[in-house]
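Presented below is the structure to which this report refers.
None of the figures in this text is laboratory data; all of them are computed from the coordinates on show. Please read these numbers as outputs of a predicted model, since none were measured by experiment. Note: ideal-geometry Cβ built from the backbone for every residue, glycine included; neighbour counts use all protein chains shown.
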Amino acid sequence: MTKAILLLLAALAFAAAPFFSPFNGFDPNLYPVPQDDPPVQPAGYAFAIWGPIYLGLIVHAGFGLWKRSSDPVWDSVRLPLTLSLVIGAPWLMVANQNPPAATAMIWGMLITALWAFFKTSDAQDRWLLQTPVAVYAGWLSAASFVAIGLMLAGYGVVSEDTAALIALALAVVFAFVIQGRTHRAPEYGATVVWALVAIMIANWGGNAAILGLAGTGIVALVFSWGRSS
């Protein structure tokens, strides 16, 4: 039961973070090359997904404590998910001040979220056990590569368009591989598609290569989760 309590506390702290550290995206001027309107970044509406993510994780943790405190399948998810949320709770505060540190942290969040995701099962309580973790891991999969794209362009390694293409290509391959290993959870891929659509909208009328790559990623992921249904 201790792990179940700790997970609920971590989920509540994670969801409360925006009230203490409001975040509207990385400050463009925190990078040596200011990132005023980077093509790798999704349209602003896409970040509304954090509302369902926060709620889903709290419901997941609360139900797990209430009804599944000693269930071994639920219990196997708790340690990695708690670690991810503990890293994530101060992420907004760090992101407002230090993008490189925030990039390292979001990758820590992603790795532990995927660890938790791989431990989930659709054999019981699918919508309460698996789905919240799958959506959380899916969004982090997209966001982690967006952070890489911002770093590449923001530190002048490559141009903004090239950084976006590199980050998108890596994100699509990464998400396709993860979805291929977790056919039972198409909501993971659907969340990445949500981010890719928002990147297309943000770049509409702009770089055709970025639009084409994002569109290809959407088709690939839809095909991948379609095979799992």
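Counting other C-beta atoms within 10 Å, which of M93, M109, M1, M151 has the fewest, and how do the rest follow?
Final ranking by Cβ density, sparse to dense: M1, M93, M151, M109.
Please compute the modelled spin-label separation between A104 and F223, points set 7 Å along Cα→Cβ, answer in nm with one decimal.
3.9 nm
How many nm separate the modelled label positions at S69 and V177, each set 7 Å beyond the Cα in the direction of the Cβ?
Those two pseudo-labels are separated by 4.0 nm.
Once you order the gyration tensor axes a ≥ b ≥ c over the Cα atoms, which shape class does the chain get: rounded for a/c under 1.5, otherwise prolate or oblate by comparing a/b with b/c?
Here the chain falls in the oblate category.
Could I have the simple spin-label model distance between N24 and R184, label points 7 Å from Cα toward Cβ, reported in nm to one decimal?
Between N24 and R184, the label points sit 4.3 nm apart.
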